[in-house]
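A.B. asks: First, the structure itself, so that you have it in front of you.
Every number here is computed from the coordinates shown, using simple stated rules; none is lab data. Note that the structure is a prediction, hence the values are computed from the model and not measured. Every residue, glycine as well, gets a Cβ built from its backbone with ideal geometry; the counts of neighbours run over all protein chains shown.
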Amino acid sequence: MEIIDHIPVDLSVEQVLRHLGLDKDGKYAGDIQELLEMVQSVVLPKAIYDVCYIDQKDENSVDIRGIKFTSRVLRVNLEEVQRVFPYIATCGTEVESIDVPSDDLMRKFVLDTIKQMALGNAIKHLWKHIDREHSPGKMSAMAPGSLEDWPISEQKQLFSIFGDVESLIGVKLTDSFLMLPLKSISGICFPTELTFESCQLCPRERCPGRRAAYDEKLKEKYFSG
């Protein structure tokens with residue numbers, strides 16, 4: 001198990017504006033500059049991961065370090081895999097100290113966006129670290145709750161790999177299996193020849209987080225037989 005902290009967050013006002021689809025000369029540029037400076041003065045993204053080996057594979061589940069994960073899609077993705085990298089990454093609790101008026105919806109939205117971008121930095125940093133230290137080759141990832149096939153309740157099993165995650169990197173798992181801080185993510189990285197995104201198996205329309213188009217034929221591949 002390894003904890004990665006001191007992850008740099010090098011964001012510019014231009015990047016945030018571009019992410020939000022706003023004009024750099026618009027009226028919100030000043031607010032974004034102020035919020036970004038506040039975030040960068042306190043933000044400390046963190047990540048934790050481990051190198052694990054698969055103990056057993058059943059038709060619709062895999063056992064990793066004696067912990068059973070039930071998902072047909074995960075099982076199929078790990079068909080030719082023996083080594084995986086469970087992980088949790090977060091924007092950090094420190095940035096939660098920044099507060100904006102509850103009725104200032106724009107500033108709240110911008111702050112939320114900057115936190116999300118800081119989390120994105122942490123994820124990229126983590127994947128580069130895994131690549132450098134373990135040379136897994138091309139990787140994809142799955143997260144509990146990203147598909148109906150792998151329910152969010154399996155966050156509990158994933159967190160159990162690491163023990164007391166809250167004391168390690170500040171991420172708390174609620175009774176409803178959500179993570180706090182909200183800008184946190186968990187999952188299992190695995191080597192793959194073909195890029196996989198859970199979005200490819202999700203028919204939900206107008207999803208703001210969609211990273212790949214729904215592929216009905218691919219879904220048939222996972223669930224046939």
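A.B. asks: Using θ = phi - 60° and the Karplus form 6.51 cos²θ - 1.76 cosθ + 1.60, what ³J(HN,Hα) does each residue of segment 168-176 get, whole Hz, x for Gly and Pro?
C.D. replies: Working through the residues one at a time gives 7, 9, x, 9, 10, 9, 7, 5, 9 Hz.
A.B. asks: Once you've got the GNM for the chain with C-alpha springs shorter than 10 Å, pick whichever of Leu105, Leu44, Leu78 has the biggest mean-square fluctuation.
C.D. replies: For the chain, modelled as a Gaussian network with Cα springs under 10 Å, the answer is Leu105.
A.B. asks: Now for a separate question. Using percent of Cα pairs over 32 Å apart as the read-out, say which of (i) 16; (ii) 12; (iii) 23 was calculated from these coordinates.
C.D. replies: (iii)
A.B. asks: Checking the table Lys156/Lys183; Lys27/Lys108; Lys108/Lys156; Lys115/Lys138 against a 20 Å threshold on Cα-Cα, which pairs fail?
C.D. replies: Numbers: Lys156/Lys183 18 Å; Lys27/Lys108 16 Å; Lys108/Lys156 30 Å; Lys115/Lys138 27 Å.
From Lys156/Lys183; Lys27/Lys108; Lys108/Lys156; Lys115/Lys138, over 20 Å: Lys108/Lys156; Lys115/Lys138.
A.B. asks: Given the DSSP H assignment, sum -39500 (n - 2.57) over each helix run of at least 4 residues in the chain and divide by its residue total; what's the result at 222 nm in deg cm²/dmol, nearest 500?
C.D. replies: Numbers: 7 runs with 77 residues, N = 225.
Helix-only estimate at 222 nm: -10500 deg cm²/dmol.
A.B. asks: Quick check: pseudo-label points 7 Å beyond the Cα along Cα→Cβ at Ser61 and Lys124, how many nm apart are they?
C.D. replies: The two pseudo-label positions are separated by 3.9 nm.
A.B. asks: Which of Leu44, His125, Val13 sits closest to the plus end of the dipole of the chain, meaning its Cα is farthest towards the positive end, when Lys and Arg get +1 and Asp and Glu get -1 on the C-beta?
C.D. replies: His125
A.B. asks: What is the dipole size for the chain, taken about its Cα centre, with +1 at each Lys and Arg Cβ and -1 at each Asp and Glu Cβ, in debye to the nearest 20? Each step should come with its number before you reach the end.
C.D. replies: Working: 27 positive and 36 negative charges, 94 e Å.
Here the chain has a charge dipole of around 460 debye.
A.B. asks: Relative to the longest principal axis of the C-alpha atoms of the chain, give the angle of the C-alpha long axis of helix 29-42, reported between 0 and 90° and rounded to the nearest 10°.
C.D. replies: Taking Cα atoms only, the helix is inclined about 60 degrees.
A.B. asks: Kindly express, to the nearest 10 degrees and within the range 0 to 90, the angle between helix 105-134's C-alpha long axis and the longest C-alpha principal axis of the chain.
C.D. replies: Its long axis makes an angle of about 40 degrees.
A.B. asks: For the chain, which longest stretch is free of loop sites, where a loop site is one of the GluC sites (Glu not before Pro) that DSSP puts outside H, G, I, E and B and that has at most 13 other Cβ atoms within 10 Å?
C.D. replies: Formally, the longest exposed-site-free interval is 81-147.
A.B. asks: Sticking with this structure for a sec: Would you list which aspartates and glutamates come within 12 Å of Lys128, measuring only between C-alpha atoms, while excluding same-chain residues fewer than 8 positions from it?
C.D. replies: The reachable aspartates and glutamates, counting only those whose Cα sits under 12 Å from Lys128, number zero.
A.B. asks: A follow-up question, please. For the charge dipole of the chain, defined by +1 on Lys and Arg C-beta atoms and -1 on Asp and Glu C-beta atoms about the Cα centroid, which residue among Gln56, Gly187, Ser102 has the Cα displaced farthest towards the positive pole?
C.D. replies: Gln56
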